[in-house]
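Heads up, the thing below is written out as structure tokens.
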Amino acid sequence: MNAFSFDERSLFRNGKRWFPVMGEIHYSRYPHEFWRESLNKMKAGGVDIVSAYTIWIHHEEIEGQYDFTGDRNLKEFLQACRDCGVKLLLRIGPWSHAEARNGGFPDWLLKKDFPLRENDERYFETVRKWYARLYLEAKDFLCQPDRDDNVIIGVQIENEYGHCGGLSDESGDEHMRRLQQIAKEEGFNLPLYTATGWGGARTGGMLPVMGGYCDAPWDQRVTKIEPSGNFVFTYERNDHNIGSDHGLGYGITFDSSKFPYLTAELGGGLQVTEHRRTIAQASDVGAMTLSKMGSGCNLLGYYMYHGGTNPDGKLTTLQESKATGYLNNLPEKNYDFRAPVREYGQVSDTLREIKLFAGFVHDFGEEFCGLAAHIPSDNPLQPDNLKDLRYSFRTDGKKGYLFVNNYVRLHNMAEHKACKITAPDGTDFPAFDLADKEYFFLPFNMEFGGVKIKTASVSPLCKLSDGSVVFYGRKNQTARKDFFQFEKAADEGKVKYLVLNRQDALNAWKLADGSLIISDSAVITDEKGNVHLTGSGKQTFLSYPELKVVPDGFTKTGSLNKNLAENMPAFEFALYEKAEEKIDGEVIVKELSSDAEKSLYQLDVSALVSQLKAGKANDSFVNIFYTGDKVRLYGLVDGKKKLLDDHFFMQQDIAFELGLKRYVNQNIDFTALELEVYAMQEADKVYLEKEPDLSAGNCRLDSCHVRWEQDSIIK
């Protein structure tokens with residue numbers, strides 16, 4: 001059975017409160033050969049719902065000529081979602097933004113003699129044709145209550161309507177209702193209809209979803225901007241900085257008391273623009289996630305969760321640019337977004353960071369959804385207050401969780417010594433010190449493993465199949481006996497709690513059978529149920545409990561007790577190791593030319609591609625470190641010069657990372673890739689978080705490093 005609904009507090013699935021994690025991937029920006037692999041990576045990070053735009057210009061660039069083939073094959077993508085066991089929120093537009101040309105509108109649509117995104121019947125009928133065509137692709141995957149294998153549980157109508165274009169008064173709500181009606185008439189009859197709700201956007205009575213980004217690469221300033229409001233605990237759901245290139249937000253147009261606090265656009269990263277090279281770090285996204293949960297959020301939806309590459313257009317390039325009427329220039333191809341899963345499928349530290357929260361809401365979310373946000377009166381509400389203690393509660397008045405955030409991106413927070421906090425029911429937490437950049441949440445009067453904990457100084461992560469409960473400590477928290485204060489002292493001996501240090505928690509991967517793997521490689525379960533260890537360097541992992549069968553190529557080399565709680569049972573993790581196999585191959589670099597505007601290099605990666613073709617590795621990543629404004633990478637594909645990818649410079653220790661696996665079966669001359677490095681722009685035209693060293697020149701290739709990725713089945 002698959003029944004989805006909502007009330008004013010949360011979503012429901014099959015009659016139970018549900019706290020899902022949602023992640024955005026754009027199928028048309030990623031090779032279809034690797035969709036299943038990527039969806040499985042997203043699942044490993046804790047994603048329950050995939051969200052995806054159907055970007056109109058990607059499918060109907062020429063009027064009446066639809067393209068649903070290859071990377072644009074929506075039906076095949078939906079089948080991949082079904083195979084991988086994820087649900088989908090399909091964002092059907094018609095306008096998407098998505099950093100696409102014309103916000104996703106085809107050029108031919110802009111040439112029509114009627115206004116777009118207004119209540120004009122000619123526009124509605126054009127949209128109807130688009131919706132009808134999408135329905136033909138999606139009809140076999142629409143959610144039905146009596147089937148478990150259907151995929152699409154809802155659609156998002158439009159995007160930022162009334163905030164970025166469109167009608168901003170009641171006629172805007174009328175417009176949204178009409179689009180919803182057309183979608184239903186064309187066959188999209190689904191449990192959930194959503195609309196973006198920030199910045200004065202009109203929702204037409206649909207389920208509003210909110211957003212928040214740790215910075216604003218679209219902001220037109222080329223200076224460090226003020227502290228983000230997304231690191232504050234607040235009842236305010238609106239992020240006034242989204243779309244600041246179109247003007248600051250104007251508040252909320254719907255009654256918040258009637259809808260749950262859900263997000264669809266928490267920045268899983270940031271897409272750099274030509275004028276602002278902002279760098280989203282894992283801790284930026286983690287602290288923002290915690291702040292939203294402590295403010296009452298009951299759906300963590302990330303945009304983007306998976307990066308990609310803009311497809312080739314038939315008539316034009318397909319990126320957002322000033323030439324198409326926007327205020328930002330973006331890379332022509334690169335849509336990496338510094339997302340949890342990157343442009344070439346790399347699993348990043350950001351995925352590990354937000355996986356901490358995903359693990360918690362999966363195992364404890366049903367109860368957590370019912371806890372209301374309680375924000376004390378002395379909690380600071382101003383984002384630029386970097387001195388006072390930021391804290392909140394999720395509680396029913398008797399039990400719940402304390403949230404503490406002492407992290408603001410690019411700013412230093414005051415340290416707090418011997419913090420004393422009392423929960424709303426009068427429960428006192430043991431005093432603790434709080435350092436700059438710390439953020440965490442702690443339970444009080446909650447039951448874990450059938451025993452009530454009065455307070456705890458560690459955070460819950462997940463439950464295992466043997467009934468044990470996994471917690472993790474704060475940064476630099478070491479082994480000790482007093483992590484838990486039990487309501488009854490005798491209860492201490494009745495429970496089996498595992499307390500991991502924070503780094504082990506980041507590297508912890510809970511499997512479907514309720515066992516736990518700890519590894520700095522990614523642990524990914526494919527659609528057939530095989531468990532893969534995917535990463536670089538020597539492959540090692542810890543397993544609790546010990547595996548029944550030692551994986552091929554691995555050796556069990558010992559066991560380790562990973563429990564930091566000295567008064568709890570030992571948790572013996574079996575250690576498995578695989579001998580590292582050296583792989584030959586390097587990038588041969590030849591400088592072809594250099595002048596004041598750009599330098600040109602030839603890259604020979606044929607030795608790396610040969611090793612991939614021979615099955616020596618799962619992928620080969622070339623890390624290109626350079627100093628300049630941007631790079632553009634070309635290859636001879638079927639004898640014709642083609643732009644493969646490009647990259648905007650951020651800082652000298654952040655590489656343009658090129659994954660070769662996707663190109664292996666293309667007819668490319670791998671001995672003669674061409675890399676253009678363009679000269680750095682004037683400092684007053686570009687914001688960089690860290691000033692580069694230009695003593696050796698401002699347009700140069702500094703180095704290339706090769707990283708091999710291995711993939712092994714371990715279970």
| Å² per residue, accessible surface of the chain at 1.4 Å | 37 Å²
| task | Considering only lysines 8 or more places apart in sequence, or on different chains, count the pairs in segment 258-367 whose C-alpha atoms sit under 30 Å apart. | result | 7
| message | Once R0 is set to 51 Å, what does the formula 1/(1 + (r/R0)^6) return for the Cβ-Cβ distance between Val589 and His240, expressed as a FRET efficiency to the nearest 0.05? | response | 0.65
| query | Rounded to the nearest 500, what is the chain's calculated 222 nm mean residue ellipticity when only DSSP H runs of at least 4 contribute -39500 (n - 2.57) each, over all residues? | reply | -4500 deg cm²/dmol
| query | Ordering Phe448, Phe254 by how much accessible area each has at a 1.4 Å probe, largest first, what is the list? | reply | Phe254, Phe448
| field | Förster-model FRET efficiency, 25 Å R0, Gln477 and Gln651, C-beta, rounded to 0.05 | value | 0.20
| query | What is the list of residues in segment 347-380 whose amide nitrogen lies under 16 Å from a point 7 angstrom out from the Cα of Glu8, following Cα to Cβ? | reply | 370-374
| Label-point separation, Lys184 to Asp67 (7 Å along Cα→Cβ), nm | 3.5 nm
| said: Taking the full set of protein chains and a 1.4 angstrom probe, give the accessible area of Leu327 in square angstrom, rounded to the nearest 10. | reply: 80 Å²
| remark: Quick tally, 1.4 Å probe accessible area for Arg277, Arg13, sorted with the most first, runs Arg13, Arg277
| query | With every protein chain in place, what's the accessible area of Thr289 (1.4 Å probe, Å², nearest 10)? | reply | 0 Å²
| query | Using the alpha-carbon centroid of each, what span in Å lies between segment 633-650 and segment 159-234? | reply | 35 Å
| said: Cut-off 16 Å, label point 7 angstrom out along Cα-to-Cβ of Phe114: give me the residues of segment 48-84 whose amide nitrogen falls inside. | reply: 64
| query | Is segment 16-128 rounded, prolate or oblate when judged by the Cα gyration tensor, a ≥ b ≥ c being the square roots of its eigenvalues, rounded requiring a/c under 1.5 and prolate requiring a/b larger than b/c? | reply | prolate
| said: Highest mean first, how do 403-411, 677-685 rank when packing is the count of other Cβ atoms within 10 Å averaged over residues? | reply: 403-411, 677-685
| Pairwise Lys count, segment 428-538 - Cα closer than 23 Å, eight or more residues apart or different chains | 26
| query | Share of the chain's accessible area from carbon and sulfur, percent, 1.4 Å? | reply | 46 percent
| Out of the DSSP beta bridges found with both residues in the chain, what percent are antiparallel (nearest 5)? | 75 percent
| task | Could you calculate the contour length gain from Ala512 to Ala579, that is, 0.36 nm times the residue separation minus the distance between their Cα atoms, to one decimal place in nm? | result | 21.4 nm
| query | What does the charge add up to near Glu274, with Lys and Arg as +1, Asp and Glu as -1, over the other residues with Cβ less than 9 Å from its Cβ? | reply | +4
| said: If each residue of separation counts as 0.36 nm, what is the full-extension length gain between Thr422 and Ser168 once their alpha-carbon separation is subtracted? | reply: 87.1 nm
| note | A correct Karplus calculation of ³J(HN,Hα) over segment 422-434, with 6.51 cos²θ - 1.76 cosθ + 1.60, θ = phi - 60°, whole Hz and x for Gly and Pro, returns 10, 6, x, 8, x, 6, 8, 7, x, 4, 9, 8, 10
| task | List the residues whose amide H sits under 5 Å from the amide H of Val637, counting only those 5 or more places along or on another chain, with H placed 1.01 Å from N in the peptide plane. | result | Lys642
| Net charge near Val677, counting Lys/Arg +1 and Asp/Glu -1 over other residues with Cβ under 14 Å of its Cβ? | -4
| query | Ignoring ligands, DNA and RNA, how do Arg342, Arg29 rank by accessible area with a 1.4 Å probe, largest first? | reply | Arg342, Arg29
| said: At 0.36 nm per residue, and after removing the present C-alpha to C-alpha distance, how many nm does the segment from Asn329 to Lys556 gain when stretched out fully? | reply: 76.5 nm
| request: Note down the nm distance, to one decimal, between modelled labels 7 Å out along Cα→Cβ at Asp146 and at Ala372. | output: 4.0 nm
| query | Residues in segment 634-663 near a label at Ala696, defined as backbone nitrogen under 13 Å from the 7 Å Cα→Cβ point? | reply | 652-653
| Just the accessible area for Cys143, please: 1.4 Å probe, Å², rounded to the nearest 10? | 10 Å²
| field | Per-pair calculated FRET efficiency, R0 = 60 Å: Asn385 and Glu487 via Cβ, rounded to 0.05 | value | 0.95
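The values are calculated or read from the model by the stated rules, or taken from the named source; none is laboratory data. What you see is a predicted model; the values in this text were computed from it and never measured. Here Cβ is always computed from backbone atoms with ideal geometry, including for glycine, and neighbour counts include all displayed protein chains. Areas reflect the complete protein model, heavy atoms only, side chains present, ligands, DNA and RNA absent. Shrake-Rupley method; radii C 1.70, N 1.55, O 1.52, S 1.80 Å.
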